[in-house]
Amino acid sequence: MLVHKFIKNALEEIRIETSEYQGKEYLNIRIWFDASKGQDTDWRPSHKGITISLDLLPELKKGVDLAIKKTRQPT
C-alpha cells in the first residue's frame, strides 16, 4: 500500500510503501523511474531502494532523526 511519494528529479520519484509477505509486514522505500521515453508516464520500480521489516521501523526513524539533527543548519 502506497504511504507517500515525492519527486526526486524529472525522471524519478521516491515511493514509500508497506506490504505483506508470508504473514510479515515490510516497509519498502524505492526509487521509481519513468520508463515511457517521452510517451505517457509509465512508472516502474528500480533496484535502488530498501525493504525492511516493520519491526525495524523505530531504528530507521532513529537514524533519520539523527541525520536531520546533524545536517540542520543554524538559523
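General observations
- Part-to-part distance (alpha-carbon centres) for the stretch 39-69 and the stretch 2-37, which is given in Å: 8 Å
- Exposed-loop-free span, longest in the chain, where trypsin sites (Lys or Arg not before Pro) count as exposed if DSSP calls them loop and at most 10 other C-beta atoms lie within 10 Å: 1-36
- Taking a straight line from the alpha carbon of Lys48, these lysines sit under 17 Å away, with near neighbours fewer than eight places off in the same chain left out: Lys5, Lys8.
- Prolate/oblate/rounded label for the stretch 2-71 (Cα gyration tensor, a/c 1.5): oblate
- Simple point charges give the picture: +1 on the Cβ of Lys and Arg, -1 on the Cβ of Asp and Glu, and for the chain a dipole about the Cα centre of about 400 debye.
- Inter-probe distance in nm under a simple model that places probes 7 Å from Cα toward Cβ, at Thr18 and Arg30: 1.8 nm
Computed from the coordinates by the stated procedures, all read-outs in this text should not be read as laboratory data. Bear in mind that the values here come from a model prediction, so they are computed numbers and not experimental data. Cβ coordinates were reconstructed from backbone atoms using ideal geometry, including for glycine residues, and neighbour counts include every protein chain displayed.
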